[in-house]
């Protein structure tokens, strides 16, 4: 014990006598620890931490691929066609990107982040309902009325957690919307939102504009490959039936499904979207980063040893 105390005092004296070496050593340790912590956070979020959605391994997203690129975008006509593929899909929901937001007027006006969603959205992503309910199929139809679902955060912040909020009207963009429900605190949507409004897509729409996203849950026993094969057949039938003529590139594109469980949104820590990241490739990237960090750490340590020896 005496030898340990003697070595500790000797080390402290050496560090104080060589402030440059001390600063370099502490900086190298801080860089290594901080970077490895960040890497673990990404790995935990992307690979290890399970999605909170029910049956997450059966959730898929619709990805439009074309010679001009790819993206998770859909049109009303395509969406209505996908909804007819009941042999492979159990639930299918549309949701948009939210746009600039909605003005919540009243005594204290503010802009809130809202998105339009299909009635199956909450069921698909397992949104817990704290008060009231979510949208009905009738409310998600054209002229289905002005109704809204609130997030837990907005309900607490703006309405003081009023337990009687369901059934009351709130002013959004100068128009009254009836609150039908409040979601639970644990639900985090992608994109994030304060309010959800029904999409009300016309089932007979001829609108071929691509401006929203869509996701679905595969029926039990249906594989991703089987669903993609069915989507290819349905897409060919749709093109022949509708004589689709779209923007160059998009009309030559194909819709394919990607596993929704491989797409993780990490808002609070990285503000990055990880979309369709194959696990093998993700591990390769993480390993490359770790190797680079280890190299930096080793170089910094060797530099510190060199400085100490040169003195």
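The values are calculated or read from the model by the stated rules, or taken from the named source; none is laboratory data. Predicted model, so just to flag it, every value in this text is computed and none were measured. Every residue, glycine among them, receives a Cβ derived from its backbone with ideal geometry; neighbour counts consider all protein chains shown.
Quick one: would you say residue 196 is surrounded by 14 or more Cβ atoms within 10 Å (Cβ to Cβ) and not in a strand (DSSP E or B)?
Spelling it out, it is not the case that residue 196 is surrounded by 14 or more Cβ atoms within 10 Å (Cβ to Cβ) and not in a strand (DSSP E or B).
In the list 184, 161, which residue meets the criterion of being surrounded by fewer than 14 Cβ atoms within 10 Å (Cβ to Cβ), in contact with a strand residue (DSSP E or B) (Cβ under 6 Å, 6 or more places away or on another chain) and at pLDDT 95 or above?
When all the criteria are applied, what remains is 184.
Is region 126-136 home to any residue that is without any contact (Cβ under 8 Å) to a residue 40 or more places away in the chain and more than 20 Å from the chain's Cα centre (by Cα)?
yes
For region 57-145, list the strands (runs of 3 or more DSSP E) that sit wholly inside it and hold at least 2 residues that are closer than 30 Å to residue 161 by Cα and modelled with pLDDT of 90 or more; which are they?
89-95, 102-104, 110-112, 114-117, 129-132
Check residue 47 against each of (1) in contact with a strand residue (DSSP E or B) (Cβ under 9 Å, 6 or more places away or on another chain); (2) part of a helix (DSSP H, G or I); (3) at pLDDT 90 or above and name the one condition it does not meet.
Of the numbered conditions (1) in contact with a strand residue (DSSP E or B) (Cβ under 9 Å, 6 or more places away or on another chain); (2) part of a helix (DSSP H, G or I); (3) at pLDDT 90 or above, the odd one out for residue 47 is (3).
What tally of residues in region 212-236 results from selecting those that are surrounded by fewer than 13 Cβ atoms within 10 Å (Cβ to Cβ) and either in contact with a strand residue (DSSP E or B) (Cβ under 6 Å, 6 or more places away or on another chain) or assigned to a loop (DSSP other than H, G, I, E, B) (or both)?
Going through region 212-236 one residue at a time, the tally reaches 3.
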